[in-house]
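Participant: Questions regarding the structure given below will be posed in turn.
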Amino acid sequence: DNNFNNKMLKTVSAAAATGTAAWGAYTYLTYDHRWWWKKRARSGCEPCHAENWERTLVHGTCAPGWERVRDEFVENFRARGELGAAVCIFHRGAKVVDLWGGYRDRDTQAPWEHDTTVPAFSSFK
């Protein structure tokens with residue numbers, strides 16, 4: 001009887017471990033780590049909900065051939081809930097992208113300006 005209980009305990013433990021591992025793998029592979037950004041993008045209070053926001057809240061220039069950077073910059077506001085941002089890219093000594101847009105403060109909806117100061121984290125890895 002004791003031997004049967006030990007075998008049953010091992011079987012149940014192995015099944016639980018297998019189920020937990022399968023659940024963990026499924027969760028890891030299917031979890032969308034950007035859920036918060038998507039939720040913010042649908043909240044109605046982000047820059048992309050303002051009227052004519054692409055023309056009024058996104059500013060700057062892109063050199064020919066660098067338009068995809070602007071497209072992704074705009075996509076950050078549209079789909080990822082970006083509040084405000086700026087990007088400037090130099091290629092071979094020439095400025096090819098200089099974009100800024102959105103709000104620097106969600107509550108006051110103060111616009112992000114060309115010279116808005118922000119901390120930079122891990123920007124040179």
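The values are calculated or read from the model by the stated rules, or taken from the named source; none is laboratory data. Computed from a predicted structure; not experimentally measured. Quick note on the areas: whole protein, heavy atoms, side chains included, nothing else; ligands and nucleic acids left out. Shrake-Rupley method; radii C 1.70, N 1.55, O 1.52, S 1.80 Å.
Participant: Show Val96, Val87 ordered by accessible area, largest first, where the area counts protein heavy atoms only and the probe is 1.4 Å.
Facilitator: Accessible-area ranking of Val96, Val87, largest first: Val87, Val96.
Participant: If you rank Leu9, Leu99 by how much accessible surface each has, with a 1.4 Å probe, what is the order from largest down?
Facilitator: The most accessible residue leads, giving Leu9, Leu99.
Participant: Using a 1.4 Å probe on the protein heavy atoms only, what accessible surface does Glu82 show? Give it in Å² to the nearest 10.
Facilitator: So the heavy atoms of Glu82 present about 50 Å² to solvent.
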